[in-house]
Structure formats: C-alpha cells, structure tokens
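Worksheet: one structure, shown below.
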Amino acid sequence: MKIVHTIAELRGALGPFKRPAFVATMGNLHNGHIALVNQAKPLGDVTVASIFVNRLQFAPHEDFDTYPRTWEADCEKLQAAGCDVLFAPRETDLYPEPQTYKVHPPAGLADILEGHFRPGFFVGVSTVVMKLLACVFAGKPGGNALFGKKDYQQLMIVRRMVQQFALPLAIVPGETLRAADGLALSSRNGYLNVQERAEAVHLSMALKALGEAARAQGLDGLDALEAQAMQTLSARGWAPDYLTVRRRADLLPPDSGDAATPLVVLGAARLGTTRLIDNLEI
C-alpha cells in the first residue's frame, strides 16, 4: 500500500490508473470501513482510501480534538484489506488556505434531522467530500466512491451533490455492518464504557420496534408512535434527539398516502457522553 500526503503525490500515484474506487474515512477504522474497502476492490482498477479528520464538520463544542486517531492500526487494517493507495493529508495539504468556498446543500434536506441538531455539519461534510472527490477523480471519469448507509442522510446529500454537479463518478452505498447483538459499528462506539456498550443495542431495538409499530398501525398515528419510542428510550437513561419514520426519497415525514412508499426509520440519541446514530430501512 502506497501512503501519500499531498494532492500532487496522490495524483502521481493514481496516474497509471483509469478507474479509482474510493472510500473516504476519518480514521479510527472498524470492520464497517473495511467492508467498504472490500466492496470497492472489484469496482475499479485501483482502491483508494483517505484518512482525514475534517475540522469543518465539527462544531466548537464537539470532539474534534479528542476524536480517536489510530494511525498505525488503521494502516495495518487497510493494508490487510488490499487497499492500494492511502491518502492521508495534513490540514495544510487539503486546506492550504482558509476554505472560504464551501458547498451548501439545500436546507430542506440538510437542515433536518442531523442538520437540525448539528447546524453546519453538512456544509462541512459536503465541502470536504467535494474536495476529496476532486483530488481522487480529476481526469478519471467512471470511477466509484463508496459511502455507508449508517450515515443515511450524509449518503443522500453526497449522492445528490454528485448528481447536481454532474461529477463523472458513481456513489455506491454500503450496507451497515453490525455487531452480533445488532449495534451498528461506529468509531464513536469506542467512547462507551462496559455498561453503556451493553445498553447501546437498545437504539437499534427501538428503531426496529418503531418500524414494526408503523407497519402494524399505519402512518396516521405516526406522531404518537414516535413520541412513545422517544419516551421508552428516555426511560432507559438515554437523551434522544429524534426517533422518526421518513420517506427514503427525501427524508420528509410520510403521510397516509405513502403506505406503499419505501421508508426509513432514523434515530440519534446520547448515551452518557456519547451520541449514537442508526437507521433501518422498512
């Protein structure tokens, strides 16, 4: 595996290849990231991963400085998975001057759910993803970039950004990887203590229960079902931000006419000091 730090080094390493398959990460890798790398390998003639903790998507009170950085372990995992090129820019490599040009996704999609509770988050995500895609795919149309479904809203925003800017690549979703008890794998799971880790699975259980209740009782009573799901999780000591059923197409609330529409149950809740997110397509 070739490790490069500057954009020039990256483009030099990718020079002989025509169709990159790319996985963007912030490091602290787990099996969900590695599953995306494995999914990427047959989709291009060179497999590229990036590790960059993007300051632009962290609010001042969030965990940018303490976000886990596990460089040596990450490199070992990527090499074992058969990654060809690792792009690990420093902040001065990716942002050599203040990033005053930014990508602002539409408020109707980016200011709800995660965007409501983390204002500006998707501006930071969209901006860094646009820049990483420009670094990897410049002059190389027809490649693929993989993003996990666990960050469901992020996946949708990135996919629409690529479509609207007519970028010459495809966004490929990766299924959420889960632990044996059903907890979605996440870099932030490492913040959980033993008791919190045992409790953490109840977020995915709450989403499953909400989805089953929506199927059984219909969409007319959805507000009450969502409120009940929030109360149930709160009673277990969580601080939920949202547990909600939305249309997959636009993440807006469904109405009674959407009974046959593909839906997704999404949730975000804080357990102790750790904020977890998850979702379930129904």
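The values are calculated or read from the model by the stated rules, or taken from the named source; none is laboratory data. Values in this document were obtained by computation on a predicted structure and should not be read as measured data. Here Cβ is always computed from backbone atoms with ideal geometry, including for glycine, and neighbour counts include all displayed protein chains.
Scanning the range 187-206 for residues that are closer than 27 Å to P106 by Cα, outside the structural domain of L29 (by TED's automatic domain parsing), at pLDDT 95 or above and not in a loop (DSSP other than H, G, I, E, B) turns up nothing.
Against the condition in a strand (DSSP E or B) and in contact with a strand residue (DSSP E or B) (Cβ under 9 Å, 6 or more places away or on another chain), how does G267 come out, does it pass? It is true that G267 is in a strand (DSSP E or B) and in contact with a strand residue (DSSP E or B) (Cβ under 9 Å, 6 or more places away or on another chain). If we scan the range 231-245, do we find a residue that is more than 16 Å from the chain's Cα centre (by Cα), β-branched (V, I, T), assigned by TED's automatic domain parsing to the domain that holds L203 and farther than 20 Å from L109 by Cα? Within the range 231-245, one or more residues are more than 16 Å from the chain's Cα centre (by Cα), β-branched (V, I, T), assigned by TED's automatic domain parsing to the domain that holds L203 and farther than 20 Å from L109 by Cα. Mind listing just one residue for me: the one in the range 43-73 that is in contact with a strand residue (DSSP E or B) (Cβ under 8 Å, 6 or more places away or on another chain) and in a helix (DSSP H, G or I) and, of those, surrounded by the fewest Cβ atoms within 10 Å (Cβ to Cβ)? My answer is W71. Of all residues in the range 184-210, those satisfying the criterion of being under 23 Å from Q228 (Cα atoms), in contact (Cβ under 8 Å) with a residue 60 or more places away in the chain and crowded, with 20+ Cβ neighbours inside 10 Å are A184, A200, L203, S204, A206, L207. Might you let me know whether the range 115-132 holds any residue that is buried (at least 17 other Cβ atoms within 10 Å of the Cβ), over 18 Å from A59 (Cα atoms), out of contact with any Asp or Glu (no Cβ under 8 Å at 6 or more places or on another chain) and in contact (Cβ under 8 Å) with a residue 60 or more places away in the chain? So far as the range 115-132 goes, yes, one or more of its residues are buried (at least 17 other Cβ atoms within 10 Å of the Cβ), over 18 Å from A59 (Cα atoms), out of contact with any Asp or Glu (no Cβ under 8 Å at 6 or more places or on another chain) and in contact (Cβ under 8 Å) with a residue 60 or more places away in the chain. Only one entry of R248, R270, R215 meets the criterion of being in contact with a Pro (Cβ under 9 Å, 6 or more places away or on another chain) and exposed (fewer than 15 other Cβ atoms within 10 Å of the Cβ), and that entry is R270.
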